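*Asks:* Below is the structure I would like to discuss, written out as structure tokens.
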Ligand code: FAD
């Protein structure tokens, strides 16, 4: 009897799976000018991501040559009785399969530029294709001596990919995240509608899409705010052994956000050094081995050091003496370890593109294409000391496997109407544990160890009631997503029902169950 039931159950499952499986032949009836392919190599190339921890094969890959291609494929899914998932893929630099989908269509946004970036010098903006890489946006605006205001640390990410999250770096304290620097977008919704939206025009869609994790529409064009581009950068790092002194200074520097440019730094970040990793760390090539301070000789409380990283931009017309004076005046107010100051000058582009240099080095050593169990958290300012004690000086236990970034941001530079969630405090920190898992025999570097450690950190925050929010969030159940969104959940749900009622888009985020 039990065997018969099991067989019946297996047959039912098979019928359901076959019923749900997308028949690629149906897709070829959709009017597409670009390239729709089921070629195994194309499928393989979009089945994994930077995180290298998940694998999901779509049925087909679309390389669009027009916005209508995107609209037609979504419309087909939306209107057909056998809908299927559709996910935009930027550069696939997600960690946990956010731009993947099983049994659906991946739209490759990158490398299919519909139009080159169009700069409007008078209005100081650039119109860009959603799959444009930020490095290419920069290159095109620099030709007019202009540049976007707000960045990510790494520029080989697409505009649509970072705007779906927030897009943050050391400029966010005064310009806000990248999503605070967008004037207008063209979006294809989950119904296949092509809509132009801004703060004044279709504002609900505009705010929904920004920080919307790809849930409400595919960004095909974004209008990004520009400023005159600096030519060079003074890049400074100073060290702290005392966490309170470090955060006090970081918070002081970001409190200057509305001061004139001469009286503040242009970029404020920082990182934590929990072990000898300082020299090996891919974000710290900057430290010269000939540096005047022997790092190991610093008396660090609990052996943890903190590095404040700041920059001052300058222009061709800037007077070098006055830059020196401005920097000196600001540094005088800080309480870092005396003589732990490292300074370099470099072209603005080289500063913005700094992580790419590290990437090339890691690639040459075979250390780039490895699993990346990253954990990015927004930590409220009121609990950052507890986080330091419990995580940097506790759970990490003098071991890490990649840079740990930490920097504060001002909440008032974030638009609460967007879909992103941040802690409910005026100042909150990004803590980014950017780890690489290695299979070199060292137990503390394995994927399992690092993933367990991430879980421990999240558990510690929960038990200590540190109300962190994940950045680049990753959850597997809707309950967890509801907890993540908190008071924002009803709005997110309403937006989804309005703009993507069949839950077709970006299913790799695992927020909503598709309705087919
Ligand atoms: P993908 O991974 O391809 O997509 C991410 C999500 O966005 C998916 O859900 C996808 O469906 C959706 N999506 C993609 N394109 C579109 C579109 N056109 N319209 C709507 N939805 C879309 N982030 C920061 O904020 N600051 C940093 O400094 C930073 N540094 C990073 C450095 C590295 C080395 C890496 C790997 C990541 C970094 N990130 C940083 C994270 C990064 O911003 C996100 O992972 C981002 O989503 C990656 O962009 P992508 O183009 O690869 O997007």
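*Asks:* Could you list 414, 151 so that the one with the fewest beta carbons within 10 Å of its beta carbon is first and the one with the most is last? Walk me through the intermediate numbers first.
*Replies:* Working: 414 21, 151 24.
Final ranking by Cβ density, sparse to dense: 414, 151.
*Asks:* I would also like to ask the following. Tell me the label-point distance for the pair residue 478, residue 28, using the 7 Å Cα-to-Cβ offset, in nm and rounded to one decimal.
*Replies:* So the label points at residue 478 and residue 28 sit 3.6 nm apart.
*Asks:* Now for a separate question. Ranked highest first by average number of other Cβ atoms within 10 Å, how do 474-483, 500-509 line up? The partial results should precede the final answer.
*Replies:* On the way: 474-483: 14.1, 500-509: 23.6.
Put in order of decreasing packing, that is 500-509, 474-483.
*Asks:* Could you tell me the calculated FRET efficiency between residue 81 and residue 448, based on Cβ-Cβ distance and R0 = 35 angstrom, to the nearest 0.05?
*Replies:* Efficiency, rounded to the nearest 0.05: 0.20.
*Asks:* Related question: In whole Å, what is the distance between the alpha-carbon centres of the stretch 407-483 and the stretch 106-164?
*Replies:* After rounding, the separation between the Cα centres reads 27 Å.
*Asks:* Mind giving me the nanometre distance, one decimal, between the label points for residue 317 and residue 398, set 7 Å out from Cα along Cα→Cβ?
*Replies:* With each label point 7 Å from Cα toward Cβ, the separation is 5.5 nm.
*Asks:* Hey, fewest Cβ within 10 Å first, where do 307, 197 land in order?
*Replies:* Working: 307 25, 197 22.
If I rank by nearby Cβ atoms, fewest first, I get 197, 307.
*Asks:* Before rounding to the nearest 500, sum -39500 (n - 2.57) across all DSSP H runs of length at least 4 in the chain and divide by the residue total; then give [θ] at 222 nm in deg cm²/dmol. Please report the intermediate quantities before stating the final value.
*Replies:* Values: 17 runs with 153 residues, N = 516.
So the calculated ellipticity at 222 nm is -8500 deg cm²/dmol.
*Asks:* Further question: Is the C-alpha gyration tensor of the stretch 348-456 telling us rounded, prolate or oblate? Criteria: a/c under 1.5 is rounded; beyond that, a/b larger than b/c is prolate, otherwise oblate. Let's see the in-between values first.
*Replies:* On the way: a/c = 2.30, a/b = 1.33, b/c = 1.74.
The shape class here is oblate.
*Asks:* Which of 434, 362 has the fewest other C-beta atoms within 10 Å, and how do the rest follow up to the most?
*Replies:* Details: 434 22, 362 15.
So the ranking, lowest neighbour count to highest, is 362, 434.
*Asks:* Give me the extension gain from residue 123 to residue 202: residue separation times 0.36 nm, minus the current Cα-Cα distance, reported in nm with one decimal.
*Replies:* On the way: separation 79, 0.36 × 79 = 28.44 nm, distance 2.14 nm.
Stretched fully, the residue 123-residue 202 segment lengthens by 26.3 nm.
*Asks:* Let me ask something else. If I model a spin label as a point 7 Å beyond the Cα along the Cα-Cβ vector, how far apart are those points for residue 494 and residue 256 in nm?
*Replies:* 4.2
*Asks:* Shifting gears a bit: Beta carbons within 10 angstrom, averaged per residue: use that to sort the peptides 166-176, 134-144, highest first.
*Replies:* Order by mean packing, descending: 166-176, 134-144.
The numbers here are math on the coordinates, done by the rules we state, and not lab data. Computed from a prediction, not measured in an experiment: that's the story for all the values here. All Cβ positions, glycine included, derive from the backbone under ideal geometry; neighbour counts span all protein chains shown.
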